[in-house]
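Accompanying notes for the structure given below.
The values are calculated or read from the model by the stated rules, or taken from the named source; none is laboratory data. Quick caveat, the model's predicted, so the values are computed rather than measured. Positions of Cβ are generated from backbone atoms using ideal geometry, with glycine treated the same way; all protein chains shown enter the neighbour counts.
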Amino acid sequence: MNVLTIANNKGGQGKTTLSVFISQYLARRGKRVLAVDLDPQCNFSQRFLEMEFDENDPEIIRPPLNPDIGEDEAPWNGRASSADVFLYEAAVSYTTPYENIEILPGQSKDLLRVERVSEDEVKRAVHEIFSRWLHEAHLETDYDVVVIDTGPSKGPLTTAAIYAATDILIPAEMEEMAVEGLYGMLAYWNMANLQRPAETPINLLGILANKIQTRNSIHQHFYEVLCEDPTVGQFMLPQVMHAWNGYREATMHGAKSIFDAPPSTNARQEAEAVCQLIEERMSHGKAIEA
């Protein structure tokens, strides 16, 4: 079972869009996918479920009642989320309208509780709990791939997702601050690998240049500079993603998949090319050397 974590500590890099597309692409290829939302903003969850906003606090986003559990069934009271892994070391996934995709949605309030822990020993416990759950919950009997969307931070949730991953993908806009942050993300990956047995390193599938605007010379400049950079260049994926309007539309709740667009659509063709490359690199275990 592959555990793919899509991560970048900066916001707006396209992590959720990629999480959606990769989940849908792999599902259409016959892979059984578990989507896991570890971002308190819960945008990944909203793509697949009718999430609810708390009446007393509109910033609280929670999953709907899960038809597979009872309202009086402890500890869930009818709802389940990815935060349950950290709070109870157990979780119940939701079915989605998409064949072969189930989701463990986010719950903003509880995920923020986990994200705000500060003591080092508690942070280590968060990392260990998530890895233990992934390997002890026998997920491999039900799923072929776990796709994890993370928030814009290097907090306990993102760290737990990276430490538990078999593969990671780093999307990045071709803007100055995002580009500068890539060196920190590579150091983050190296640090996580130091905590892993040498025989099971975390495969870095690559850095994906994302949200490129064709007529933006700055985007093209940064992409070319990164490809030639002695540190970053070896990690740059040969495929890129542009800022197509179709991508935004395809990540809205209830929208058709990007892969339902006409085959000649630029956005669909590009998304398929990127997802195919990701699948190949995961399938072949093509790690990039640190």
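Cβ-Cβ contacts under 9 Å between residues 6 or more apart (or on different chains), taken from a first residue in segment 123-137 that is among the charged types (D, E, K, R) and at pLDDT below 85 to a second residue that is surrounded by fewer than 19 Cβ atoms within 10 Å (Cβ to Cβ) and outside any helix (DSSP H, G or I), are listed as Lys123/Val117; Glu136/Glu89. At least 2 residues being among the charged types (D, E, K, R) is the threshold, and among the helices (runs of 4 or more DSSP H) wholly inside segment 88-202 those reaching it are 108-115, 120-136, 176-194. Against the list (1) more than 25 Å from Tyr94 (Cβ to Cβ); (2) in contact with a Gly (Cβ under 9 Å, 6 or more places away or on another chain), the condition Gly151 fails is (1). State whether the residues of segment 68-81 include one that is at pLDDT 90 or above, surrounded by fewer than 23 Cβ atoms within 10 Å (Cβ to Cβ) and in contact with a helix residue (DSSP H, G or I) (Cβ under 8 Å, 6 or more places away or on another chain). The answer is no; no qualifying residue exists. Pairs meeting the criteria (first residue in segment 194-211 and in contact (Cβ under 8 Å) with a residue 60 or more places away in the chain and over 18 Å from Glu180 (Cβ atoms), second residue basic (Lys, Arg) and surrounded by 10 or more Cβ atoms within 10 Å (Cβ to Cβ), beta carbons under 6 Å, at least 6 apart or on different chains) are Leu205/Arg281. Of everything listed in (1) over 23 Å from Tyr25 (Cα atoms); (2) outside any loop (DSSP other than H, G, I, E, B), the single unmet condition for Gln46 is (1). Here His242 clears all of (1) under 16 Å from Glu270 (Cβ atoms); (2) within 18 Å of the chain's Cα centre (by Cα) except the condition numbered (2). Before we move on, is Thr214 closer than 28 Å to Tyr247 by Cα, out of contact with any helix residue (DSSP H, G or I) (no Cβ under 8 Å at 6 or more places or on another chain) and of a type in the set (Val, Ile, Thr)? Yes: the conditions hold for Thr214. Test Thr214 against the stated conditions and say whether it is among the β-branched types (Val, Ile, Thr), in contact (Cβ under 8 Å) with a residue 12 or more places away in the chain and out of contact with any Phe, Trp or Tyr (no Cβ under 9 Å at 6 or more places or on another chain). For Thr214, the condition - among the β-branched types (Val, Ile, Thr), in contact (Cβ under 8 Å) with a residue 12 or more places away in the chain and out of contact with any Phe, Trp or Tyr (no Cβ under 9 Å at 6 or more places or on another chain) - is met. Of the residues Leu26, Leu34, Leu4, the single one that is touching a residue at least 60 places away in the same chain (Cβ under 8 Å), over 30 Å from Met177 (Cβ atoms) and assigned to a strand (DSSP E or B) is Leu34.
Condition check for Arg32 on (1) surrounded by fewer than 20 Cβ atoms within 10 Å (Cβ to Cβ); (2) basic (Lys, Arg); (3) within 30 Å of Ile212 (Cα to Cα); (4) within 18 Å of the chain's Cα centre (by Cα): one failure, at (3). Considering segment 41-62, and only residues there that are surrounded by 23 or more Cβ atoms within 10 Å (Cβ to Cβ) and either touching a strand residue (DSSP E or B) at 6+ places or on another chain (Cβ under 8 Å) or free of Cβ contacts under 8 Å to residues at least 60 places away in the same chain (or both), the residue that is farthest from Ala273 (Cα to Cα) turns out to be Ile61.
Reported count of residues in segment 100-145, each being of a type in the set (Asp, Glu) and either closer than 13 Å to Ala35 by Cα or touching a Ser or Thr at 6+ places or on another chain (Cβ under 9 Å) (or both), is 5.
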